[in-house]
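What follows is a single structure, written as structure tokens, with notes after it.
Since every read-out is calculated from the coordinates, none of them should be taken as a lab result. Worth saying up front: this structure is predicted, and the values here are computed from it rather than measured. Backbone-built Cβ (ideal geometry, glycine too); neighbour counts: all protein chains shown.
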Amino acid sequence: MTYTTSDSANQLVTGFQSLDVDQQLALFYFIYKEMGHSITPAAPGASTASPEIGAAYFDRVKELPHDQQLELQRDLINHKNTEFSREYGALSDTTKLLFWYLLAQGMDNQTIVPMPPGYEISSEANEVFEQIKGLDFEQQITLFRDIVSPMGVDPTVAEHDAETGL
Ligand code: 45D
């Protein structure tokens, strides 16, 4: 899949990825809050998201205790070679986006581990946040795709991980 991504957007992807894992998670949640209701699941067939697959994957995460939900999200960002990371890696980019969107919604109704109250992001994360706010909606979607796409582990190229045995 190819998307046209400008240099400044690429630089934002890099800026996002250079934050530490928890800052990435926190910033991503702030972004979700900021976009609020402008995210609407597109009409069926209008995109390459697989709502059933995204929802089924999300449902398994939802069943886990909160500490494991958080660990799993950190693992995705860290490309840790786990069962969950490999399954994530096999999803389409838009389904990955849908999965993160479901997670953020789940945080709002406490089925997913919520942010600690009053949590503040670092000034570096806030700088990235301000730049993202300046993008138009389409550019934001493209940016988020570029951010969530490389997360997890591509099971077809992953190297053996002694810790997980995968
Ligand atoms: O204790 O075409 C810390 C679809 C540390 C439809 C933490 C779409 C301390 C099809 C890490 C802070 C809707 C898919 C805890 C398009 C601590 C389609 C926890 C668009 C607990 C285009 C932090 C989809 C945590 C879009 C758990 C635009 C943070 C989707 C978790 C956008 C953060 C989705 C999460 C976004 C953030 C999702 C889960 C912006 C998710 C953000």
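Results, tabulated for the structure shown:
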{"quantity": "Phi to ³J(HN,Hα) by Karplus 6.51 cos²θ - 1.76 cosθ + 1.60 over the stretch 102-110, Hz, x for Gly, Pro", "calculated": "5, 4, 4, 4, x, 5, 6, 10, 6"}
{"quantity": "Cα-based convex hull, the stretch 74-146, per residue volume (Å³, whole number)", "calculated": "123 Å³"}
{"quantity": "DSSP-loop GluC sites (Glu not before Pro) across the stretch 130-166, with at most 15 other Cβ within 10 angstrom", "calculated": "E159, E163"}
{"quantity": "Projected label distance in nm at Q17 and N78, using a 7 Å step from Cα toward the beta-carbon", "calculated": "1.8 nm"}
{"quantity": "Under 11 Å, Cβ to Cβ, from D93 - net charge with Lys/Arg +1 and Asp/Glu -1", "calculated": "+1"}
{"quantity": "Calculated log₁₀ intensity ratio I(q)/I(0) where the Debye formula runs over C-alpha points of the chain, q = 0.10, 0.13, 0.14, 0.20 Å⁻¹", "calculated": "-0.36, -0.63, -0.74, -1.60"}
{"quantity": "In nm, spacing of pseudo-spin labels at E138 and D108 (7 Å Cα→C-beta vector)", "calculated": "2.6 nm"}
{"quantity": "Chymotrypsin sites (Phe, Trp or Tyr not before Pro) within the stretch 61-166: DSSP coil, no more than 12 neighbouring Cβ in 10 Å", "calculated": "Y119"}
{"quantity": "Net lengthening on full extension, E120/L64 (0.36 nm per residue, minus Cα-Cα)", "calculated": "17.6 nm"}
